[in-house]
Amino acid sequence: MSNIQPSKGGTKDQPGLRYPTNGKTIYHRPLNRAKTAELSGASFAYLFSEMVGYASKKIESIQDLEKRLNVQGHPIGLKLLDLLLYREPARTQTRPLNIITLLHFIKINVWQHLFGQAADGLEKSSDPSKPDEYMIIDNEPLVNRYISVPKDMSQLNCAAYVAGIIEGVCDGSAFPARVTAHSVGRQEEGEMWPGRTVFLVKFAPEVMEREGYLGKG
Amino acid sequence: MSYYFAIVGTQDNPLFEYEFGTSKQGGDGQARFAEQARHMNQFIVHSSLDIIEEVQWGNGQMYLKCVDKFFNNYVSCFLTGGNVKFLLLHQPTNSAGLPGSVASSAASSPSAAAAAAAAVGSRSSTSIGANPTSPQTEEAVRSFMLEVYESWVKTLMSPFYRANMEVRSPVFRQRVAAAGRKYL
């Protein structure tokens, strides 16, 4: 710890550090933003297609590609967690303490922030042998809106990127989990939600252990 | 009254540290730790991490108030959503409970010292330094922590910042110093 030296003398005598000409750094910018501030869907779709293109270079399997998209989303989740908690009103500014509050936070706050609406569903796995699995359901993921998956890559779901964001939020709040995206929409004629995606959240064993312990106490 | 502030990451790794003194009641904002105590501070603060890990699951608040006490050192904690700990060690110069540790400092006013000696926790003392566990002190530390938290979230927003990286920004240090001057 002692190797962290306080930087005395301020800004002038640090040759490596560059400042913007107006002297404003990230610390001078406000963290709150207007409720209506939205980004252009077209520019997002363009950037996202580039990200998918970049991630699909030199891959060996579809899992590889999904893994890369997941990794791209992970730091966003970590950062989003603190940003959204910061924006909460002081009264409800609490860290998630159990799985349900955490998933609820993701379903409502994270989804609202990213996609302008809450997620369409939140379910617990009905299989009694898998109590550590939860599902967040989105009928029409925004990231997949302009993506058509080629026939030979039919298992691919680019919402793996969103799965990475969810994983980041879970990991950040000390609920380590594996999150994967799965397409469950049927490709039949007249199907209401062909792009329906389930985000499968599988929590680590230590989370389940702690959950049981806290539930008793 | 001297303060030692540290930010500890999720791997119990130090990310930032800063020492300062009170600016209230004529204080000059300089920390007055003995040279030996400065090394001890790091140990005291880190030893409170075990307690925080227990407390953090009982209470969803970010500000966990005063979590640990080691002789005349009080440790307050603020836990962010991302499990990063802000730890503030405060060392009152005029503690009533420990006569041996009373250090005569030019910064502490005699009246506040007398009031604290008369009754710890009494409302007559407005010095936040004198009563480390009084509601006034808790509120002052809360305000300080919230201001640091704002700067911390801004640090996180930097696309070049990855989790558990040391914070070297001189602007961040200035912000922490300003919050310390304002509230403590």
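The values are calculated or read from the model by the stated rules, or taken from the named source; none is laboratory data. Predicted model, so just to flag it, every value in this text is computed and none were measured. Positions of Cβ are backbone-derived with ideal geometry, glycine not excepted, and every protein chain shown enters the neighbour counts. The protein model used for the area step is the full one, side chains on, heavy atoms only, and it has no ligands, DNA or RNA in it. Shrake-Rupley method; radii C 1.70, N 1.55, O 1.52, S 1.80 Å.
Data table
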{"read-out": "Looking only at the stretch A:171-211, and only at residues there that are farther than 19 Å from B:Gln56 by Cα and of a type in the set (D, E, K, R), the one that is least open to solvent (accessible area, probe 1.4 Å)", "value": "A:Glu191"}
{"read-out": "Some residue of the stretch A:121-143 being in contact with a helix residue (DSSP H, G or I) (Cβ under 7 Å, 6 or more places away or on another chain) and free of Cβ contacts under 8 Å to residues at least 24 places away in the same chain", "value": "yes"}
{"read-out": "Answer from B:Gly27, B:Gly58 - the residue that is closer than 25 Å to B:Asn131 by Cβ, over 13 Å from the mean Cα position of the chain (by Cα), within 13 Å of chain A (Cβ to nearest Cβ) and not aliphatic (A, V, I, L, M)", "value": "B:Gly58"}
{"read-out": "All positions within the stretch A:100-120 that are touching a residue at least 40 places away in the same chain (Cβ under 8 Å), away from every other protein chain (no Cβ under 14 Å) and closer than 26 Å to A:Gly215 by Cβ", "value": "A:Leu103"}
{"read-out": "Some residue of the stretch A:78-98 being more than 10 Å from chain B (Cβ to nearest Cβ), surrounded by 15 or more Cβ atoms within 10 Å (Cβ to Cβ) and not basic (Lys, Arg)", "value": "no"}
{"read-out": "Residue satisfying all of: in the stretch A:117-128; part of a loop (DSSP other than H, G, I, E, B) and under 18 Å from A:Ala177 (Cβ atoms); modelled with the highest pLDDT among these", "value": "A:Ala119"}
{"read-out": "Members of the stretch B:41-68 found to be of a type in the set (A, V, I, L, M, F, W, C) and without any contact (Cβ under 8 Å) to a residue 24 or more places away in the chain, listed by number", "value": "B:Phe43, B:Ile51, B:Val55, B:Trp57, B:Leu64, B:Val67"}
{"read-out": "Residues being free of Cβ contacts under 8 Å to residues at least 60 places away in the same chain, crowded, with 19+ Cβ neighbours inside 10 Å and away from every other protein chain (no Cβ under 11 Å) - total across the stretch B:141-182", "value": "2"}
{"read-out": "The stretch A:39-60, subset exposed (fewer than 10 other Cβ atoms within 10 Å of the Cβ) and assigned to a loop (DSSP other than H, G, I, E, B), residue nearest to the other protein chains (Cβ to nearest Cβ)", "value": "A:Leu39"}
{"read-out": "Residues of the stretch B:132-168 that turn out to be hydroxyl-bearing (Ser, Thr, Tyr), modelled with pLDDT under 90 and outside any helix (DSSP H, G or I), as a count", "value": "2"}
{"read-out": "Matching residues in the stretch B:1-40 - criterion: being assigned to a strand (DSSP E or B) and of a type in the set (Gly, Ala, Ser)", "value": "B:Ser2, B:Ala6, B:Gly21"}
{"read-out": "A:Lys107 being in contact with a strand residue (DSSP E or B) (Cβ under 8 Å, 6 or more places away or on another chain), under 22 Å from A:Val207 (Cα atoms) and open to solvent by less than 50 Å² (accessible area, probe 1.4 Å)", "value": "yes"}
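Residues checked against (1) part of a loop (DSSP other than H, G, I, E, B); (2) closer than 23 Å to A:Arg68 by Cα; (3) at pLDDT 90 or above:
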position: A:Gln155; (1), (2), (3): yes, yes, no
position: A:Gly164; (1), (2), (3): no, yes, yes
position: A:His182; (1), (2), (3): no, yes, yes
position: A:Gln187; (1), (2), (3): yes, no, no
position: A:Met192; (1), (2), (3): yes, no, no
position: A:Lys202; (1), (2), (3): no, yes, yes
position: A:Val207; (1), (2), (3): no, no, yes
position: A:Arg210; (1), (2), (3): no, no, yes
position: A:Gly215; (1), (2), (3): no, no, no
